[in-house]
Amino acid sequence: MDHVATAFVLILLLLGSAAGALGLDTLTINPLGIENPLTGSGENTVLNWPMFHHDPSRTGYSESTAPENSNLVWSFRTGSYIFSSPAVMNGKVYVGAYDRRVYCLDAENGENIWSFETDGAIYSSPAVVNGKVYVGSRDHKVYCLNAENGESIWSFTTDADVDSSPAIFNGKVYVGSYPRVYCLNAENGENIWSFMTGGRVDSSPAVVNGKVYVGSYDDNVYCLDAENGALIWSFTTGDFVYSSPAVVNGKVYVGSYDDNVYCLDAENGESIWSFTTDADVDSSPAIFNGKVYLGSRDRKVYCLNAENGENIWSFTTNAKVFSSPAVADGKVYVGSRGSNYGNIYCLDAENGALIWDFAAGGSIFSSPAVADGKVYVGSFQPYHRVYCFGVKYGVSVSISPSYQSGQPGGTLDYTVTVVNTGGAEDTYTLTVGDNSGWATMLSENQLENVQPDENRVVTLSVTIPENAENCTKDNITVTATSHTNNTINASDSCIAHAIILKAIIYPTADVYAFDGYSRSQLKFDISDIPFGSNILSAKLWLYRLAADGWDGSIVLNRVDNQVWDGAITASEFDAQTLTNEENHASKFTSHGWDNLNVLNQLNVDHSAGHTYASFRLGWMNDDGSEPSTGVRDGRFLAIESQSDNLLIVFYSKEYDGRDPYLEVTFENFIGD
């Protein structure tokens, strides 16, 4: 095996050992070539930003996608200034504030899940690992909280304020105070070791390859043994070192109040290069793709060559830059701090061009966190808010009409309109729910690749059961749910109403005999069917008393004349206007009840607002000649085939209670 292959295997073995020590499922190499102890066990580094500047190496880089515009998804107002930088883990945002509280917010909507109050202001940025939140406070304590509910697990008291942000690695908590660097047991908070510096330690330790790198107000950058705190080397700058070191590819990058950014050899602390800005460097460098990104109090954001410190580009902001850049998706995110004003900037990582900025209405000390396609950052004063920027997903649903009625067995169709109200393409799953169990169906159940502001239309069909009782209703709800984020959904509802209004109307007049021959005509009062109702069916029921086997057809006409009664004369009868003639074949072929569909004829009178509807009956000869006039049988409404000498007899109202009647079903929309 050659030396390169051997080295590669050794690296893999070392990484596997590190993963086992951390109790993690996997250990990956990120594009920077550094250890990442935060993958595995559900702690996905694309979805999460577990601690200050993302990881124990303090790289400030995430593989997450990142927003291309300043779309504000939500903001949350704390009780006071926010100096702390957010951590994001498992759909929650953790951040401290000057109001002494640590907050846990819902990453999707910014709602407060819990808060924990300490006895001092919180400048420290939380670290969230293995279900625990680690954070320092100006009450001189380091706290370990339950990430789900904020309950205190343990606390450790230091000698002074804890503004430093903890790094968690291999079951240990590394954090600074005045004048020490501490290593604590992550499970119980016991002090494993501490190292005395000559000043405040607000710098946040970086932990890489068994070493701890941290700055101090005694002007030094220290490299300590992560197991026992022994000093390995120190490097002296020209002023305070507030900046937190980033350690990548065997190099340590850190800023100083002497206006310089330093690149040091991680093994021995020797200076490789330095770059001079025009003011103090509080900002902690972010490292990605051979570049160093940082801010300065000279109002600039710099991009330097990681190998030699040459200035690749710089961008001038509107105020001093204390914030530490975050790099993701080819973009650099950083804040500026003025007197009660400041901006959040998004810059092109390659050339420093401004992509977008957002006026926060307050100065920005906090450093952005990038996770799951969103940017989270806090503001100092006067608004002290946590901001979330990202693609806003949204959907709306509307159903038209909102109400329909129909008869049992019928199907009602509704138009469902789904609109993508978010800022990115999305796919939606449509589901239907109801409270009566009627049959429902959508023409489509999934709408794919819906663009922002695009409308998609589907049809909702609701079938009213055959056995539905009169006036029963079903409330149907259609819900559209985002595939990108299943917490994003919208619904609308409609009502399907089973209406079975039925009118049984008996004749107010009938005529069936003039001078020995019949003229069969019936008149009905339809004034009880409300005007404007939708007539669903109209049947004229008659009872036949005759032998089977007749093969003729019944001819039915609407009588246009409203004014007539049983006293009508033959000449008046013959002078009436007939309309809407229909031939009903194969009717009344056997003894008993049968009906004629008179819906068309009845609708003419009902839609005109008439009080009455009249119908005339006749018989059509087999050869299609004119209807016969029939013969008078003194008791019956009779139509007779004189050619066949076959009597077709229908009961009239005078005989045995088997009266002709009109059966009408309708929907009454008035008052629904």
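None of the figures in this text is laboratory data; all of them are computed from the coordinates on show. The structure displayed is predicted, hence computed values, not measured ones. Here Cβ is always computed from backbone atoms with ideal geometry, including for glycine, and neighbour counts include all displayed protein chains.
Details
- Counting only residues at least eight positions apart within a chain, or on another chain, the lysines with an alpha carbon under 18 Å from that of Lys291 are Lys251, Lys300, Lys331.
- Peptides 569-576, 63-70, 350-357, 394-401, ordered by how many other C-beta atoms sit within 10 Å of their residues on average, highest first, read 63-70, 394-401, 350-357, 569-576.
- Phi-based couplings in Hz for the range 172-180 (Karplus 6.51, -1.76, 1.60; Gly and Pro marked x): 10, 10, 10, 7, x, 8, 10, x, 10
- Cα gyration tensor shape of the range 396-498, rounded if a/c is under 1.5, else prolate or oblate by comparing a/b with b/c: prolate
- Sorting 303-312, 319-328 by average packing, meaning the other beta carbons within 10 Å per residue, from highest down gives 319-328, 303-312.
- The dipole here belongs to the range 49-122: it is taken about the Cα centre, uses +1 on the Cβ of Lys and Arg and -1 on the Cβ of Asp and Glu, and is about 180 debye.
- Sorting 210-220, 244-254, 459-469 by their mean Cβ neighbour count within 10 Å, with the most densely packed peptide first, gives 244-254, 210-220, 459-469.
- Averaging the sequence gap over all C-alpha pairs within less than 8 Å and six or more residues apart, then dividing by the number of residues, gives the range 396-498 a relative contact order of 38 percent.
- Charged-residue dipole, Cβ positions (Lys, Arg, Asp, Glu), the range 419-518 about Cα centre, Debye nearest 20: 220 debye
- Taking only the Cα atoms of the range 28-390, the radius of gyration and Dmax are 17.9, 48 Å.
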